[in-house]
1. Among the helices (runs of 4 or more DSSP H) contained in region 121-215, which hold 2 or more residues that are under 21 Å from the mean Cα position of the chain (by Cα) and more than 28 Å from Leu274 (Cα to Cα)?
2. Given the criteria in the same structural domain as Ser232 (by TED's automatic domain parsing) and more than 24 Å from Ser293 (Cα to Cα), does Leu166 qualify?
3. On the given criteria, is Ser66 hydroxyl-bearing (Ser, Thr, Tyr), under 17 Å from Cys21 (Cα atoms), assigned to a loop (DSSP other than H, G, I, E, B) and modelled with pLDDT under 95?
4. What are the residue pairs meeting all of these: first residue in region 62-76, first residue farther than 16 Å from Ile28 by Cα, second residue assigned to a loop (DSSP other than H, G, I, E, B) and not small (Gly, Ala, Ser), Cβ atoms under 9 Å, and 6 or more apart or on different chains?
5. Does Gly74 meet the test of being of a type in the set (Gly, Ala, Ser), surrounded by 12 or more Cβ atoms within 10 Å (Cβ to Cβ), not in a helix (DSSP H, G or I) and not assigned by TED's automatic domain parsing to the domain that holds Asn125?
6. Residue under question is Ile264, and the condition is that it be under 30 Å from Gly140 (Cα atoms), within 13 Å of the chain's Cα centre (by Cα) and crowded, with 19+ Cβ neighbours inside 10 Å; does it hold?
Amino acid sequence: MHKPEYYDSFSCSAGSCPDTCCRAGWLIPLDSETFDLYRTVDADISENTFTDPDGDRVFRLRPDRSCPYLNPDGLCALYIKTGGRLCEICSKYPRFFEEYDGFTETGLSVSCPTAAALILTRSDNPYRDLKRDAPDELLGFLCRARERVFEMIYSDTDPDAALQKLVFYGAELQELIDYGELGLLSEADFSGALEPVANLSEARRFILENTEILSEKWRELLKSGCKAPCGSPSERRNYLAYLVYRYFLKAVNTEDVFTECRFIGLLYRLAASLCGNYAEAVKLVSREIEHDSENIEALLGYLSQTE
């Protein structure tokens with residue numbers, strides 16, 4: 001299990017959270033073991049859950065899209081009744097886990113305000129100790145390339161320029177993958193200039209028309225955006241590195257690192273274009289896109305067709 005340096009510093013803010021995940025509007029699957037336990041402490045559990053089309057039992061949200069067991073003080077009624085038992089999904093959040101051939105990576109999602117504060121306020125590179133070998137040739141290639149990306153991001157004074165370098169580097173890496181020349185990684189560099197998305201307003205329009213929208217605030221921000229990029233250089237740098245950590249290695253499944261880099265670029269630019277509160281923008285991007293696999297697939301498909 002590999003993790004960034006900030007991972008172990010996380011502690012849930014519980015009732016003092018400024019924007020609890022229990023109001024995010026997500027449909028949370030309830031594992032059968034925890035459901036059986038909840039039935040012993042709450043007679044209404046069956047009425048407060050339903051079976052979705054995939055066959056999972058999920059919590060039935062209130063009209064305001066909050067969890068039915070969220071108390072006014074921001075605490076979970078079921079957690080209190082069971083003496084500290086949460087279902088599997090709730091107990092893991094905001095942690096995410098990515099399994100690769102030979103190792104697993106875990107991290108924190110910026111959809112959680114407390115986690116976002118840990119990630120966005122870093123003054124150094126929290127991913128510097130993630131060097132590793134992988135038995136799969138392509139995965140090893142991507143791991144080594146990602147190490148170079150982290151070094152580039154934290155050595156460049158301008159995170160926007162670092163993004164441009166990342167996308168160009170992704171194009172260089174893609175050529176090596178396509179031609180089966182993984183041993184020539186050292187020949188790929190960061191020089192050059194490519195736009196990660198040709199037209200950000202068109203990308204926002206695509207998101208509005210082709211993805212699931214959870215909150216009206218997200219919908220309105222996608223329509224309006226802001227005139228000037230938000231977020232300090234340090235915040236944007238840390239967010240860019242977070243996105244690289246979470247998505248770059250996923251190219252091992254598709255052999256398409258260029259599209260993954262453009263996806264990273266889209267989320268990065270989208271967050272900076274939404275509103276003046278950067279932490280809020282980052283949280284919304286994560287809640288609306290990162291936590292919905294169908295939304296991610298839609299955007300990857302869109303980017304692969306707009307190269």
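1. Working: elements: 137-155, 159-178, 200-210.
Fully inside region 121-215 and qualifying: 137-155.
2. Criteria not met by Leu166.
3. Working: hydroxyl-bearing (Ser, Thr, Tyr): yes; under 17 Å from Cys21 (Cα atoms): yes; assigned to a loop (DSSP other than H, G, I, E, B): yes; modelled with pLDDT under 95: yes.
When the stated conditions are applied, Ser66 passes them.
4. Cβ pairs passing all conditions: Gly74/Cys17; Gly74/Thr20.
5. Yes, satisfied.
6. So Ile264 passes the test.
The values are calculated or read from the model by the stated rules, or taken from the named source; none is laboratory data. Small disclaimer: the values here were computed from a predicted structure and weren't measured. No Cβ is skipped: glycine too gets one built from the backbone with ideal geometry, and neighbour counts run over all protein chains shown.
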